[in-house]
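Novice: Okay, here's the structure, questions in a sec.
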Number of protein chains: 2
Amino acid sequence: MTRVAVLSGGVGGARFLDGVVRALAPGAVTAIVNTGDDLEHLGLYVCPDLDTVMYTLADLGDAERGWGLRGESWHAMDAVRTLGGPTWFNLGDRDLGTHLVRTAALRRGEPLSAITARLCAAVGISARVLPMTDGACRTMIDTRDQGTLAFQDWLVRERAPAVTRVRFEGAPPPAPGVLGAIAEADFVLLGPSNPYVSVDPILSIAGVRKALAEKIVVALSPIVGGRAVKGPLAEMIPILGGREASAGAIAAHYSAIPGRGADRGLLAGLVVERGDEAGVVGPAVLASEIVMRDRDDRVRLAREVLGFAERLGEGRA
Amino acid sequence: MTRVAVLSGGVGGARFLDGVVRALAPGAVTAIVNTGDDLEHLGLYVCPDLDTVMYTLADLGDAERGWGLRGESWHAMDAVRTLGGPTWFNLGDRDLGTHLVRTAALRRGEPLSAITARLCAAVGISARVLPMTDGACRTMIDTRDQGTLAFQDWLVRERAPAVTRVRFEGAPPPAPGVLGAIAEADFVLLGPSNPYVSVDPILSIAGVRKALAEKIVVALSPIVGGRAVKGPLAEMIPILGGREASAGAIAAHYSAIPGRGADRGLLAGLVVERGDEAGVVGPAVLASEIVMRDRDDRVRLAREVLGFAERLGEGRA
């Protein structure tokens, strides 16, 4: 059986992951999910990327909004507003159920990885979903004009003001299973997530880079035609990557990390939107339609990427 | 201006309090509310009696259910159920807004009394509502067959198994304003709440009994025709009070506490249901219709009780 590990942030990563899970045999996929974006809000421990992955794999997510649950209601937040509480981070009523159960379990001392496994089982997910760590690793954003902000304060509350640097506070060990899943994987896929704030946090966890350096690693570009599919990535690349936003910038970012890819960088391959091949230096390139419009699209793309990775593993790409 | 302090538990106390607030001038009433029933549940700090008082005074409460908010929905708890979380203590979606805002403020270090004042102001309550304490005082129930249970575990989760003793864990100081409100009051009213688990916790707070011993104190009987208007009180009285459930047993309970009432017990007066006068020894008795069916009923009863207390204060009852 082909075994795959997928490193994922939120929306884009979750959709691609869903395609991979549907394209392979049950038990073939382990998702390793960014938790650098986690926040404590209104007394609750919220894991936006884990939740997006869980809701997406369980087919409970709201595709239009891009986060949270389908058919969601907002009565609790309306009450919070009436009572003068903070409403900049919106939590739906059903979504609150997740945060309540998780927070209570964390307060009892259960590790996030065990809680995540329980929640995913409860909604019928067959893939293994792991947080990158059970510890605290916080993605902190140094901004040009507003000092240092925690990730959600930066992205949601302040609407992504100009970034000068991304840092990760805390150096917790990987969650149980993370390094093993990478070691056992035939290849590792990096979802079309923001490299700076969604994938790099996972790469910052002790042992992850070393484990990846032994593997065939294929990334999907989150940049299509010079623009981010979602979020503020395109504005971050010129400052953090020192070049215009492009699939080539994504290749350059990951290729600076040692691995067994082209020129001994991390990436064996990069999957880009057709027309974006120019400027990608280093990894082998697969050009396709990488913006996933529906579930069929996710599975189609996953199959293409898996085939590409297999050919790379056999030295045929 | 007549100044009144009302000691209150949940439903019955809150309804009577609402009548008192509507019967008097704005600013005349301070409610001192039991917090011995508070619980941490699903990571949230829940104050059932404070919430019932707040919702009742703001006319937001669900009269039929007796707790929580009118027009409530239950999506979050449905999600908790799906995810295998505990559902024995039901929290509505709008109600969750209260717990979220309060819990977040407590975690920031704001005292419960300050939070309560803010929340009450936000929903337009003019009366002053004080928790009995900003500290932890937990009503613990020794049961005959199930060991010691925290109050809500006993009442809600286990459905009130036979009690052998009620204890209060923790001896925190009164919340700011509690002793002053009693000292300034022309009289103090004890709502028709369970004496053992709703009023006694307030009386256990340091300085409260001493402050009450200087005052005209009038209680409303929570027992009508030998039965509790609500809850397991009637079953508790034979064991904890050593006699059959009756208005007389309520009088005997409070009269054992020193005060300036009849025979130097706590109560100057007791308000009972017409027909329940027999067996009340000690305090002056006012017989009326004390089961409050609607808001008019609350105000009518409050006026009768206030008149009774005034006459007692003037030595005319």
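No value in this document is a laboratory result; all are computed from the given coordinates. Quantities reported herein were computed from a predicted structural model and do not represent experimental measurements. Glycine also receives a Cβ, built like all others from the backbone with ideal geometry; neighbour counts cover every protein chain displayed.
Novice: Dipole size in debye (nearest 20) for the stretch B:1-158 around its Cα centre, Lys and Arg Cβ +1, Asp and Glu Cβ -1?
Specialist: Around 480 debye, computed over the stretch B:1-158.
Novice: Taking amide H atoms as placed 1.01 Å from N in the peptide plane, list the residues 5 or more away in sequence, or in a different chain, whose amide H sits under 5 Å from that of A:Phe187.
Specialist: A:Arg3, A:Ala5
Novice: What is the P(r) of the stretch A:4-313, as percent of Cα-Cα pairs per 10 Å bin from 0?
Specialist: Result, from short to long distances: 6, 29, 37, 22, 5, 0 percent.
Novice: Enter the Cα centre distance for the pair the stretch B:84-136 and the stretch A:91-110, rounded to the nearest angstrom.
Specialist: 18
Novice: Kindly state, as a whole number, the per residue volume in cubic angstrom of the convex hull around the alpha carbon atoms of the protein assembly as shown.
Specialist: Measuring per residue, one finds 149 Å³ for the Cα hull of the protein assembly as shown.
Novice: List the distances, in nm to one decimal, from the label point of B:Met1 to the label points of the same position in every other copy, shortest first, placing each label point 7 Å from Cα along the Cα-to-Cβ direction.
Specialist: Nearest first, the other copies' label points are 7.3 nm away.
Novice: Oh, and also: Specify, for chain B, the residue whose C-beta is closest to the rotation axis mapping it onto chain A, with the distance given in whole Å.
Specialist: B:Asp93, 2
Novice: Return the long-range amide H neighbours of A:Asp134 (sequence gap of 5 or more, or a different chain), with a cut-off of under 5 Å between placed amide H atoms.
Specialist: For A:Asp134, the qualifying residues are A:Ala175.
Novice: Turning to a different aspect of this structure: Considering every Cα-Cα pair within the stretch B:99-151, what fraction, in whole percent, is farther apart than 19 Å?
Specialist: 45
Novice: Write out the chymotrypsin sites (Phe, Trp or Tyr not before Pro) in the stretch A:138-174 meeting two conditions: DSSP loop, and at most 14 other Cβ atoms within 10 Å of their Cβ.
Specialist: In loop regions of the stretch A:138-174 (DSSP not H, G, I, E or B), there are no sparsely surrounded chymotrypsin sites (Phe, Trp or Tyr not before Pro).
Novice: Further question on the same structure: Taking only the alpha-carbon atoms of the stretch A:181-315, what semi-axes of the equivalent ellipsoid follow from 5 times the gyration tensor eigenvalues under a square root, in whole Å, largest first? Present the calculation step by step, with values, prior to reporting the outcome.
Specialist: Numbers: eigenvalues 83, 68, 40 Å².
After scaling each eigenvalue by five and taking roots: 20, 18, 14 Å.
Novice: Follow-up. To one decimal in nm, how far is B:Asp59 from the same spot in the other copies, if labels go 7 Å from Cα toward Cβ? Please give the shortest first.
Specialist: So the distances to the same position in the other copies read 4.8 nm.
Novice: About its Cα centre, what dipole magnitude does chain A give when the only charges are +1 on Lys and Arg Cβ and -1 on Asp and Glu Cβ, stated in debye to the nearest 20?
Specialist: Computed charge dipole of chain A: roughly 420 debye.
Novice: Now for a separate question. So how strong a dipole does the protein assembly as shown carry about its Cα centre when Lys and Arg Cβ are +1 and Asp and Glu Cβ are -1, to the nearest 20 debye?
Specialist: For this selection, approximately 500 debye.
Novice: May I pose another question? Summarise the partner chain shielding of A:181-192 as one whole number: the mean count of Cβ atoms from other chains within 10 Å of each residue's Cβ. Please report the intermediate quantities before stating the final value.
Specialist: Working: counts 0, 0, 0, 0, 0, 0, 0, 0, 0, 0, 0, 0.
Mean partner shielding for this stretch: 0.
Novice: Among all the aspartates and glutamates, which ones have a C-alpha under 20 Å from B:Lys215's C-alpha, if same-chain residues fewer than 8 places away are not counted?
Specialist: In chain and number order, the partners are B:Glu184, B:Asp186, B:Asp200, B:Asp263, B:Glu304, B:Glu310, B:Glu314.
Novice: In the protein assembly as shown, if the dipole is taken from +1 on Lys/Arg beta carbons and -1 on Asp/Glu beta carbons about the Cα centre, which of A:Pro232, A:Ala171, B:Pro222 is farthest to the positive end?
Specialist: Looking along the dipole axis, the top candidate is A:Ala171.
Novice: Using only Cα atoms, locate the centre of the stretch A:2-70 and the centre of the stretch B:223-248, then give the distance between them in Å, rounded to an integer.
Specialist: 55
Novice: Label-to-label distances across copies for B:Arg108, with labels 7 Å out along Cα→Cβ, in nm, shortest first?
Specialist: Copy-to-copy label distances at B:Arg108, shortest first: 3.0 nm.
Novice: Same structure, new question: Counting only C-alpha contacts under 8 Å and six or more residues apart, can you give the relative contact order of chain B as a whole percent?
Specialist: Value for chain B: 19 percent.
Novice: Run lengths n ≥ 4 of DSSP H only: what is the helix-derived mean residue ellipticity at 222 nm for chain B, with -39500 (n - 2.57) per run over all residues, to the nearest 500?
Specialist: On the way: 11 runs with 109 residues, N = 317.
Result for chain B: -10000 deg cm²/dmol, rounded to the nearest 500.
Novice: Is the stretch A:263-308 best put as rounded, prolate or oblate by its Cα gyration tensor, with a ≥ b ≥ c the root eigenvalues, rounded for a/c under 1.5, and otherwise prolate when a/b is larger than b/c, oblate when not? If you can, show how the numbers build up before the last one.
Specialist: Numbers: a/c = 3.24, a/b = 1.74, b/c = 1.86.
Because a/c hits 1.5 or more and a/b fails to exceed b/c, the stretch A:263-308 counts as oblate.
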